[in-house]
Amino acid sequence: MTTKAIRLIGVLLLPLLVTACGFHLKGLGANNRPLPFASLFLDGKGNIAGPLSTALARTPNLVMTKDAKSAEVIMTIVAENSSKDIQTINSGGKINEYLLIYRVTARVTLKGEPQGPDMTTTVRRSLTYSDNAVLGKDQEEALLWTDMYNDAADQLVRRLSYLKRPEKLPPAGPQTIVPANAVTQP
């Protein structure tokens, strides 16, 4: 075999080997766990609403309802907070790097009952800064914020898959309970 043929075979086998180990690009992999409910109503506005709707729409077998009464589960965005803090300063006293922080809190209720504590997701990104490229850094910051909203939405959907369904309550009314070691008399 020639070296060209060996290289061609190597190039053709590389994608096969990479996908065989479970590798996938960020955002293209589906959540492996199914959600423990079939319908959901998303109650909330803000920066997370669009990315969260998109992330939930990618979930198989989930119906997004338009009203809360027809949904099995209601997800309410309780709080959303973003901040931009100075992370590092150079020796000249100018800003070198910012820390972008995005925090979102959501509450999940099933038939009016909260399902565990509120879910809080925090996403952080570092943004290098330069006075020489202000416009470029503004665009980079906008892209980072969008990526952070998408990441927070994916984390919330992942957490939804780990919710426990409440066990069914026993039927109401009088019941007879016979112990396992009871002797019945004729």
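The values are calculated or read from the model by the stated rules, or taken from the named source; none is laboratory data. No experiment lies behind these values; they were computed from the predicted model shown. Glycine also receives a Cβ, built like all others from the backbone with ideal geometry; neighbour counts cover every protein chain displayed.
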- Query: Going by the conditions given, is Arg107 touching a Leu at 6+ places or on another chain (Cβ under 6 Å), surrounded by 13 or more Cβ atoms within 10 Å (Cβ to Cβ) and basic (Lys, Arg)?
  - Reply: no
Expected single match for among the small types (Gly, Ala, Ser), at pLDDT 90 or above and either assigned to a helix (DSSP H, G or I) or over 17 Å from the mean Cα position of the chain (by Cα) (or both) among Ala133, Ala180, Ala152, Ala172 is Ala152
For the stretch 3-21 the number of residues that are charged (D, E, K, R) and surrounded by 10 or more Cβ atoms within 10 Å (Cβ to Cβ) is 1
(1) modelled with pLDDT of 95 or more; (2) touching a Phe, Trp or Tyr at 6+ places or on another chain (Cβ under 7 Å) all hold for Gln87 apart from (1)
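Scan the strands (runs of 3 or more DSSP E) fully inside the stretch 43-130 and keep the ones with 2 or more residues being among the small types (Gly, Ala, Ser) and either closer than 21 Å to Tyr162 by Cα or in contact with a strand residue (DSSP E or B) (Cβ under 6 Å, 6 or more places away or on another chain) (or both).
By residue number, 73-89.
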Fill in: Residue check for Glu80: closer than 17 Å to Met148 by Cα and acidic (Asp, Glu)
yes
The number of residues in the stretch 2-50 that are under 28 Å from Asp67 (Cα atoms), among the hydrophobic types (A, V, I, L, M, F, W, C) and modelled with pLDDT of 75 or more is 8
